[in-house]
Structures are given as structure tokens and as C-alpha cells.
Amino acid sequence: MWQDLHQEILEKVKEYSRQRHVKRDEFIPGTTPVPYAGRVFDESEVTAAVDTVLDFWLTLGPQGEAFENELAKAVGVREALLTNSGSSANLLAVSALTSSTLPDGLRPGDEVITVAAGFPTTVAPLVQNGLVPVFIDVEPATANLRPDLLERALSSKTRAVVAAHALGHPFDLDAVTDFCQKNDLWLIEDNCDALGAEWRGKRTGSFGDMATQSFYPPHHLTMGEGGAVLTNTPRLRRLAESFRDWGRDCWCPSGKDNTCGKRFGWKMGDLPEGYDHKYIYRHLGYNLKPLDMQAAIGRKQLAKLDGFVAARRANHAYLMEALRPFEGLIHLPEADPRANASWFGFLVVVRDHAPVNRQEIVRHLEARKIQTRPLFAGNLLRHPAFENIEHRVVGDLRMTDKIMNDAFFMGVYPGLTKPMLDHMVNSLREVLEPASTGKTVRVAMPQILGAA
């Protein structure tokens, strides 16, 4: 029977995965690469993917629906909508708020407060939807938005705040939510780097009108490529789903018809009465769905979230303690006491007076096979794509520029071992201890270890 063969194949897949994907090589400091991030998985994810392929339900289906329900519960929101990337999730969240069906929605020319220190696709959807980003500066230790600048950024055109929880540390949600409520503004949390983080015991991604997640391999969970939009408002989920699914007005899931109960009973636009609702389009949408196989992988990853987050926190705490002697040279990422961060990386900002610069530290680490990354774009307004966009700047973005020039981050992901962390600390000591006496360490630019 095919059922027996199916089970036999899955048992073989488990056996294959245990042999193929178990790391047995000894870690050799300076020779074995220390990635800043990576996939952490076992045979359960591989088996789940193959199981779905064997059933050959390729487009988003039962695994997707189950993952959406489980993700919503894990974050503490009513609704989750899967999409093909975190960048698409940001695009869908912003686009949903521009729907003509929302009387108080965003319209071209409206202003949205955000930051320039971060990833481009937090801000790009604003420009792509004809909105005007208003940039404020960030805090030195966490790279999160400065809440004291929100009132200065406010104008008669302000309609929303869109910001990320930088590297897994929540921005000041007390101040931001109060500001948004007082001024009747939409709030979108870019939670892509912060899944599992908490503010006063409540998980981030549940505070805004909408929030977004990324499941690209460096993030807290992976489904290869993937993301999600989160909300407590079913209407906003429906709008995001419309933009995700070609802009259609129908909300029937794949393989189902007539969920609304009047598939041939609608009259919309200039269409003939009774036109098939499955092919009525409300918005200028996209096709941004993931595959059901990816959702199956995501479900297995989600079951491990608490363990992943605990490992990230432990690794971050280890680096914090080891690097405290060098606080005179570098800013360390101190957590707000109201927050329980779910760290994406360990941020290092070289102080102005330090006798060693970011480039020298990074070159030394990379020469020791330790991957580093800048804080993404640094300052978006310094990039060619953003040079000519319509925008406003509040203040001088001095700290944003400092992060661009003097900051980098290292990994804290669950795949790091104690010997890897020790190697990271020892390598930093090699460059920081001489710098503390006024000396510097200079090395040639190493070969690049991997992709972004």
C-alpha cells in the first residue's frame, strides 16, 4: 500500500538527515568560520518538508493555515497571514493601510515617522505607496528610535509610525503606543528581528495595528524564504490578504469556493451583477504567497522558538559580560529594564575617542574567520536608491551617521558553540586590549565569508 511506502520514505529521510546534517567537525579557532547567523534544524524540518511534497499540495494550504494559527497564538495576536518574505510582509502591511475601503487609511502625501538606521524594506513600502517618510534619530546603545523626537516630528500630515525593533531589542513601546493613541496614528511594528521579544511581559508584534515577521535563514525561525503579517484586527488581515493575493476581493482559501455564501450575488464597480466574486479585484495587488512545504518547515521551527530565544539571550549575555572591561572603547547594547530582548545580533558601537576604528576591528575579526555585519543600511539616506525620495528629517541624524560609520554586529544565534563564543571574545580582546593602551591592530582585508 502507498501509505506503507510513504512511511518508509519518511523513515529513510530521517535517517538520511541524521547522517547528512549532523556537524561532526572539530572547531578550530581562526580556521573554522563563525557565522553571524544560520539555520538551526534537525530531521523534523526535513521530514516535514518531504512529507508535504509527497502529498504534492504545493501552493499554500493546510500547513499554511495551521502555521498561521500557531504563530498568532505564539505572538499573542488574533490573526497571522503568511507571505513569501519579511520584506513582502512590510509591503503588505503598509499597502493594507492604503486601501480605499479604510475611511481613515493612508493616502499619497501622508507622512509616516520612521528611522533611517535599518533595513531598506522597512522604509521602501512607504515610498512605493506614495507616502512621505519622516526620519528621526536613534539611540546609541540599541539603535532604536528616539521617542523624545516623536513630538518634534509630528505635523498635520502625520498619519502613522513604522519602525523596527532593532536587532531584537524592543523600542520604547510605552512612549510610542501612547504617542500613536494620543494623535490617532497607525502603528506598524517591524518585528522581523525580534520574534519572541517582550515588553512588560507582552510579546512584541502584538502592540501595533499591524506587525511583520521574517523567516529568512538568519532570523529566529526559518522556512527558507518567508514572512508574516500580524494583527488583532480581522479587517486588516483581510486587506493584507487581498494585496497578497493579486488584489482580489474574494477571501476564499486555495481549493475552496463560496466562503461568503453569495459568490454570484455581488454587484461591484462597473461589472455585471453576479460576476464571479473569485475574480473581482479590489486593489492593485501582488502574488506574494509562500508554499505549503515552507509552512510545514515553519511549524517545526516554531515549536523550537522558546529554546532558540533562550539560546540567543544566553549568548548575548555571555558576550556582554566578557566585553564589559572595554566599555571605555565601545558602547555595549544595554537592555531596557522593561524589555526582554530576543537578540538578533550583538551590536558594537565604537566610541568617538577610541584609538581604534570600526574598520580595524572588523578586519581583525574577519581575518579570524568571524563574520560581522554593519547595522544593515547604516543611514538609508546615504544610499543611491533613497537620494531623491520625498522626505523630511527631524534633527541631524547624528547618531544614525555614527552607526553607519562606527557600528557592527556579531552573531548570537543558537548554532554558536561555547568554543565559538570564546574565539569571538578572544579575538576582540586581541584588538581592544592594545587599543586600551593607545595601540592599534591593523590587518589586511580578509576574504568575504558569506552572503548577507
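The values are calculated or read from the model by the stated rules, or taken from the named source; none is laboratory data. These numbers come from a predicted model, not from an experiment. Every residue, glycine among them, receives a Cβ derived from its backbone with ideal geometry; neighbour counts consider all protein chains shown.
Below is a table of values for the structure above.
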| read-out | value |
| --- | --- |
| Meets criteria (within 25 Å of GLY30 (Cα to Cα) and either outside any loop (DSSP other than H, G, I, E, B) or not hydroxyl-bearing (Ser, Thr, Tyr) (or both)) for LEU375 | yes |
| Filtered residues of the range 174-198 (kept if closer than 14 Å to ALA339 by Cα and surrounded by fewer than 22 Cβ atoms within 10 Å (Cβ to Cβ)) | ASP174, ALA175, GLU198 |
| Every pair of residues 6+ apart whose Cβ atoms lie under 6 Å, when the first sits in the range 259-270 and is in a loop (DSSP other than H, G, I, E, B) while the second is among the β-branched types (Val, Ile, Thr) | MET268/ILE280 |
| Count of the range 326-364 residues which are assigned to a helix (DSSP H, G or I) and touching a Leu at 6+ places or on another chain (Cβ under 7 Å) | 1 |
| Residues that are under 25 Å from LEU154 (Cβ atoms) and at pLDDT below 95, drawn from the range 376-387 | none |
| Matching residues, the range 156-190, being touching a helix residue (DSSP H, G or I) at 6+ places or on another chain (Cβ under 8 Å) and either of a type in the set (Asp, Glu) or part of a loop (DSSP other than H, G, I, E, B) (or both) | PHE171, ASP172, LEU185, ASP190 |
| Among (1) out of contact with any Asp or Glu (no Cβ under 8 Å at 6 or more places or on another chain); (2) surrounded by 12 or more Cβ atoms within 10 Å (Cβ to Cβ); (3) touching a residue at least 60 places away in the same chain (Cβ under 8 Å), the one test that THR31 misses | (2) |
| Within the range 345-398, considering residues that are out of contact with any Ser or Thr (no Cβ under 6 Å at 6 or more places or on another chain) and polar (S, T, N, Q), the one surrounded by the fewest Cβ atoms within 10 Å (Cβ to Cβ) | ASN388 |
| Residue in the range 265-288 that is buried (at least 24 other Cβ atoms within 10 Å of the Cβ), more than 20 Å from the chain's Cα centre (by Cα) and over 30 Å from VAL309 (Cα atoms) present | no |
| Residue list for the range 204-236, restricted to those being crowded, with 21+ Cβ neighbours inside 10 Å and either of a type in the set (Phe, Trp, Tyr) or farther than 24 Å from LYS300 by Cβ (or both) | PHE207, GLY208, MET210, PHE215, THR231, LEU236 |
| Among the candidates ALA295, ALA311, ALA339, residue that is closer than 26 Å to VAL46 by Cβ, crowded, with 20+ Cβ neighbours inside 10 Å, under 22 Å from the mean Cα position of the chain (by Cα) and touching a residue at least 12 places away in the same chain (Cβ under 8 Å) | ALA295 |
| Residue list for the range 41-64, restricted to those being within 13 Å of ALA295 (Cβ to Cβ), surrounded by fewer than 16 Cβ atoms within 10 Å (Cβ to Cβ) and of a type outside the set (A, V, I, L, M) | ASP55, THR59 |
| Filter result for ALA194 (of a type in the set (A, V, I, L, M) and either in a loop (DSSP other than H, G, I, E, B) or farther than 23 Å from VAL127 by Cβ (or both)) | yes |
| Qualifying residue in the range 442-449 (condition: at pLDDT below 90, surrounded by fewer than 18 Cβ atoms within 10 Å (Cβ to Cβ) and touching a Gly at 6+ places or on another chain (Cβ under 9 Å)) | no |
| Any hit, the range 171-178, residues being under 20 Å from LEU375 (Cα atoms) and in contact with a strand residue (DSSP E or B) (Cβ under 7 Å, 6 or more places away or on another chain) | yes |
| Unmet requirement for GLU11, which otherwise passes all of (1) outside the structural domain of VAL161 (by TED's automatic domain parsing); (2) buried (at least 20 other Cβ atoms within 10 Å of the Cβ) | (2) |
| Where GLU68 falls short, out of the listed (1) modelled with pLDDT under 95; (2) out of contact with any Lys or Arg (no Cβ under 6 Å at 6 or more places or on another chain) | (1) |
| Selected residue [of a type in the set (Phe, Trp, Tyr), modelled with pLDDT of 95 or more and in a helix (DSSP H, G or I)] from PHE207, PHE308 | PHE308 |
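Quick grid of which residues meet (1) more than 30 Å from LEU195 (Cβ to Cβ); (2) in contact with a strand residue (DSSP E or B) (Cβ under 8 Å, 6 or more places away or on another chain); (3) outside the structural domain of ALA66 (by TED's automatic domain parsing):
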residue	(1), (2), (3)
LEU230	no, yes, no
LEU236	no, yes, no
ARG244	no, yes, no
GLY255	no, no, no
PHE264	yes, no, no
LYS267	yes, no, no
LYS278	yes, yes, no
